[in-house]
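The values are calculated or read from the model by the stated rules, or taken from the named source; none is laboratory data. Just so it is clear, the structure is predicted and the values come from calculations on it, not from any experiment. Heads up, the Cβs are rebuilt from the backbone with ideal geometry, glycines too, and the neighbour counts pull from every protein chain shown. Note: areas computed on protein heavy atoms with side chains; ligands, DNA, RNA excluded. Shrake-Rupley method; radii C 1.70, N 1.55, O 1.52, S 1.80 Å.
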Amino acid sequence: QAQLVESGGGLVQPGGSLRLSCAASGSIFTIGTMGWYRQAPGKQRELVADITNGGNTNYADSVKGRFTISRDKAKMTVYLQMNSLKPEDTAVYYCNGMITTTTNWATRTYWGQGTQVTVSS
């Protein structure tokens, strides 16, 4: 099995910055695409950004130019640098990863438990 654990959320003022981290652990053989999603109260979970194993990135239009996704393969960690934060960025942020485990050699999507980001003055 595998686990994803997020960290770095918190309360920040509009215009501020936060950096989220998501570390994978467990019986991991390989990790494919990793991504960040968010879910605001009363809304559906939406893709924020994702990054392939080769480093190709994809962003939601609402965060382009403000957020940057990156990953450290050796540390099995994905990051989300969030700048120029707006109140509408307030949500629970979840990371996910397409992981193949050595437990049963199966590949599936794993999710973290989520971390709260609140943008407010």
**Message:** Being at pLDDT below 95 and farther than 17 Å from residue 110 by Cβ is the requirement here; does residue 54 meet it?
**Reply:** yes
**Asked** Taking into account only those residues within segment 46-80 that are closer than 18 Å to residue 119 by Cα and in contact with a Phe, Trp or Tyr (Cβ under 6 Å, 6 or more places away or on another chain), which is surrounded by the most Cβ atoms within 10 Å (Cβ to Cβ)?
**Response** 80
**Request:** Go through segment 7-44 and give me each residue that's open to solvent by 60 Å² or more (accessible area, probe 1.4 Å), closer than 13 Å to residue 92 by Cβ and not in a loop (DSSP other than H, G, I, E, B).
**Result:** 39
**Request:** Considering only segment 61-81, state which residues are over 19 Å from residue 111 (Cα atoms) and of a type outside the set (S, T, N, Q).
**Result:** 61, 63, 64, 65, 66, 67, 74
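I'm trying to understand the selection: among the residues of segment 81-92, which are charged (D, E, K, R) and either under 11 Å from the mean Cα position of the chain (by Cα) or open to solvent by less than 10 Å² (accessible area, probe 1.4 Å) (or both)? Working first, answer last.
Taking segment 81-92 as the starting set, the residues that turn out to be charged (D, E, K, R) are 86, 88-89.
Passing the criteria: only 89.
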**Item:** Residue that is surrounded by the most Cβ atoms within 10 Å (Cβ to Cβ) [pool: residues in segment 93-121 that are among the hydrophobic types (A, V, I, L, M, F, W, C) and at pLDDT 95 or above]
**Value:** 95
